[in-house]
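Notes for the one structure printed next.
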Amino acid sequence: MPSLLEVSGVSVAFGGSKALDDVALAAERGKITGLIGPNGAGKSTLFDVIGGLRRPLTGRVTLDGHDVTRSGPAHRAKLGLARTFQRLELFGRLTVRDNLLVAAELGAKRRGAAEFVDGIIDRVGLREVADVGADNLSTGMGRLVEVARAMATQPGLLLLDEPAAGQDPEETERFATLLRGLADDGAAVLLVEHDMELVMNVCDQVYVLDLGRIISSGPPAVIRRDEKVLAAYLGAA
Ligand code: ADP
Ligand code: MG
């Protein structure tokens, strides 16, 4: 069976410089796939290409066997894609519960949405903040709510851009358990994250992007010892 998400030969240029150069990557159902790399490597740009916010110069994106390279975000959402952004993007004036309800109703859940959302609130541990306005959350908690909101659409593929930024260690721990649970339910998770501990702990497979190119991929134990990867991070420091 092909992977849920397959990216091949993707290039993107801004002005004269290539932000992505012949990038290939796959994310499988039931697995957490990590995407790491120094600042400016092209991670968020690749998420925009996968999500349908940026059309690549070359290459192909397929979702569940459908070629979506030319389709917009709405069509991809219908095929089961959900994402979070590097900057927090919640509805600030809505409560946590209402943020999730909106997402659940955008997804397949019309009937029984309230009970469904309550289940997610418990699973993510958001009971105490369910009725709090999203604007009043700490950054770390906001991140958890953003992931919970993406979960509420029952995605097949979940793209997470630096979801653990601003989380305290306890929130990060909770978050790792949550990601594992999502994958165990059958979702494909693609995770961009700076917290290397988290990436190495939760990911099944890791891709390393540097200056727009994939320089290494493999299980965390292999990536940890890859000298090209170490050099890319040292070079960027
Ligand atoms: P990352 O998420 O890995 O930090 P980005 O994808 O944000 O990297 O950026 C990759 C490269 O593309 C960087 O050199 C960045 O400056 C450039 N870039 C990103 N978005 C734009 C844009 N909208 N216009 C021009 N250059 C951009
Ligand atoms: Mg980024």
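Restricting attention to the chain, lysine pairs at least eight places apart or on different chains and with alpha-carbon atoms under 26 angstrom apart total 9.
Once you have the Cα-Cα distance between A24 and D98, take 0.36 nm times their residue separation minus that, and quote the gain in nm to one decimal.
Between A24 and D98, full extension yields 22.9 nm more.
For the range 90-142, the equivalent ellipsoid built from the Cα gyration tensor has semi-axes of 19, 12, 8 Å, listed from largest to smallest. Surface exposure of the chain, expressed per residue as accessible area with a 1.4 Å probe, stands at 47 Å².
What's the whole-number percent of alpha carbon pairs in the chain lying beyond 30 angstrom? Here the long-distance tail beyond 30 Å is 23 percent of all Cα pairs in the chain. Of all the accessible heavy-atom surface of the range 111-204, with the other protein chains kept in place and a 1.4 Å probe, what percent is carbon and sulfur? Here carbon and sulfur together make up 46 percent of the probe-accessible area. In the chain, the DSSP beta bridges split such that about 55 percent are antiparallel, to the nearest 5. Take each peptide in 165-176, 4-15, count the other Cβ atoms within 10 Å of every residue, and average; sorted highest first, the result is 4-15, 165-176. Summarising the amide proton neighbourhood of D22: residues at separation of 5 or more, or on other chains, whose placed amide H is nearer than 5 Å comprise V10, S11, V12. On the beta carbon distance between R224 and L57, with R0 = 45 Å, the FRET formula returns roughly 0.85.
The values are calculated or read from the model by the stated rules, or taken from the named source; none is laboratory data. Only a predicted model underlies this, so the values are computations on that prediction, with no experimental measurement involved. Glycine gets a Cβ as well: all are built from the backbone with ideal geometry, and neighbour counts include every protein chain shown. Heavy atoms of the whole protein, side chains included, go into the accessibility calculation; ligands, DNA and RNA do not. Shrake-Rupley method; radii C 1.70, N 1.55, O 1.52, S 1.80 Å.
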